[in-house]
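Enquirer: Here you go, one structure.
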Amino acid sequence: MKENEYKYMLKKGESDYIQSCLKLNGTGLAVRHKSQTNYYYDTEDYTLDKAGITCRVRDDGCVLEGTLKIHGRSEREGNVEIPLKTEGVPESFMLGERRLIFLGSLHTDRIIYEISEGVRLMFDTNTYLGERDYEMEIEFEESKRREAGNLLRETELFAYQYRVMCGGESSADKNGAVLSKSGRFIRKKQGMKGSENKVNIIINFGF
């Protein structure tokens, strides 16, 4: 399954202000709340992460779902998710010829706005390894890319208004780059900042 998304890191005040603006504008067909926990796996030397791949087991309170997520090299390219069969939340398991070990978990409390059919806006509060951050995501179908882009610009304007009123800089870095949840988790796990160079590897998924 291909996934198209825009991501933006926020401060808590920015997140609250953007949502208050959306509510005043009547944006969104419905608002709902969701909690989920991601359990992350990789080899001891982070082979999957270096290849731009995330292995996770997600618990949404109802089902456990294993996934291999291949991160796109650009927003236009998008991400690809491959279902992965796992038994519960194991301490380790084999993926092809590689043993993956449990690295830790990231918990997300999510507020979801159904903007239109094919466009969804989400505000996440993520807690992991003693950290807490705030993130906005726009998920969209390819045919709705223009609408999603307009929504992104609208929310960026709200964030800018908040910074003008309250002071401070954006939580996004100067290049606008945003690491994925798994990327931020692993950087924290490794005690590193920024991303490592990707390596080209061939993995036998065993499918």
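The values are calculated or read from the model by the stated rules, or taken from the named source; none is laboratory data. Just so it is clear, the structure is predicted and the values come from calculations on it, not from any experiment. As a convention, Cβ positions derive from the backbone with ideal geometry for all residues, glycine included, and neighbour counts pool all protein chains shown.
Enquirer: Of all the residues that make up segment 90-110, how many are out of contact with any helix residue (DSSP H, G or I) (no Cβ under 7 Å at 6 or more places or on another chain) and over 21 Å from LYS188 (Cα atoms)?
Expert: Looking only at that region, the number is 8.
Enquirer: Going through segment 179-194 one residue at a time, which ones are modelled with pLDDT of 75 or more, of a type in the set (A, V, I, L, M) and in a loop (DSSP other than H, G, I, E, B)?
Expert: LEU179
Enquirer: If I ask for residues that are without any contact (Cβ under 8 Å) to a residue 40 or more places away in the chain and either surrounded by fewer than 15 Cβ atoms within 10 Å (Cβ to Cβ) or closer than 23 Å to ASP133 by Cα (or both), which ones from segment 72-85 would you list?
Expert: Result: GLY72, ARG73, SER74, ARG76, GLU77, PRO83, LYS85.
Enquirer: So LYS69 ticks every box in (1) surrounded by 14 or more Cβ atoms within 10 Å (Cβ to Cβ); (2) within 20 Å of LYS189 (Cα to Cα); (3) modelled with pLDDT of 95 or more but one. Which box is left unticked?
Expert: Of (1) surrounded by 14 or more Cβ atoms within 10 Å (Cβ to Cβ); (2) within 20 Å of LYS189 (Cα to Cα); (3) modelled with pLDDT of 95 or more, only one is false for LYS69: (3).
Enquirer: If I filter segment 155-178 down to residues being charged (D, E, K, R) and within 22 Å of the chain's Cα centre (by Cα), which single residue comes out as modelled with the highest pLDDT?
Expert: So, considering only residues that are charged (D, E, K, R) and within 22 Å of the chain's Cα centre (by Cα), the one modelled with the highest pLDDT is GLU156.
Enquirer: Confirm whether GLY149 is farther than 30 Å from LEU95 by Cα and modelled with pLDDT under 90.
Expert: no
Enquirer: Name the pairs whose Cβ atoms lie under 7 Å apart, with the first residue in segment 165-187 and under 26 Å from GLU44 (Cα atoms), the second at pLDDT below 65 and of a type outside the set (A, V, I, L, M), and 6 or more positions between them or separate chains?
Expert: Final answer for the pair search is LEU179/SER195; GLY183/SER195; ARG187/LYS193.
Enquirer: Right, something else. Considering only segment 86-97, I want to know if a residue exists there that is part of a loop (DSSP other than H, G, I, E, B) and surrounded by 16 or more Cβ atoms within 10 Å (Cβ to Cβ).
Expert: yes
Enquirer: Being within 30 Å of CYS166 (Cβ to Cβ) and part of a helix (DSSP H, G or I) narrows it down to one of SER35, SER15, so name that one.
Expert: Only one candidate qualifies: SER15.
Enquirer: Also, quick follow-up: Of the conditions (1) assigned to a strand (DSSP E or B); (2) within 30 Å of LYS144 (Cβ to Cβ), ARG73 satisfies every one except a single condition; which number is it?
Expert: Every condition holds for ARG73 apart from (1).
Enquirer: Among the residues of segment 132-154, is any touching a Lys or Arg at 6+ places or on another chain (Cβ under 9 Å), surrounded by 18 or more Cβ atoms within 10 Å (Cβ to Cβ) and over 24 Å from ASN4 (Cα atoms)?
Expert: no
Enquirer: If you scan segment 1-12, which residues turn out to be assigned to a loop (DSSP other than H, G, I, E, B) and modelled with pLDDT of 90 or more?
Expert: Once the filter is applied, which keeps residues that are assigned to a loop (DSSP other than H, G, I, E, B) and modelled with pLDDT of 90 or more, segment 1-12 yields only LYS11.
Enquirer: So for segment 112-123 (the condition being surrounded by fewer than 18 Cβ atoms within 10 Å (Cβ to Cβ) and under 30 Å from ASP45 (Cα atoms)), does at least one residue qualify?
Expert: No; the residues of segment 112-123 include none that is surrounded by fewer than 18 Cβ atoms within 10 Å (Cβ to Cβ) and under 30 Å from ASP45 (Cα atoms).
Enquirer: So, of the residues in segment 28-66 that are under 18 Å from ASN79 (Cα atoms), of a type in the set (D, E, K, R) and crowded, with 19+ Cβ neighbours inside 10 Å, which turns out to be modelled with the lowest pLDDT?
Expert: ASP49
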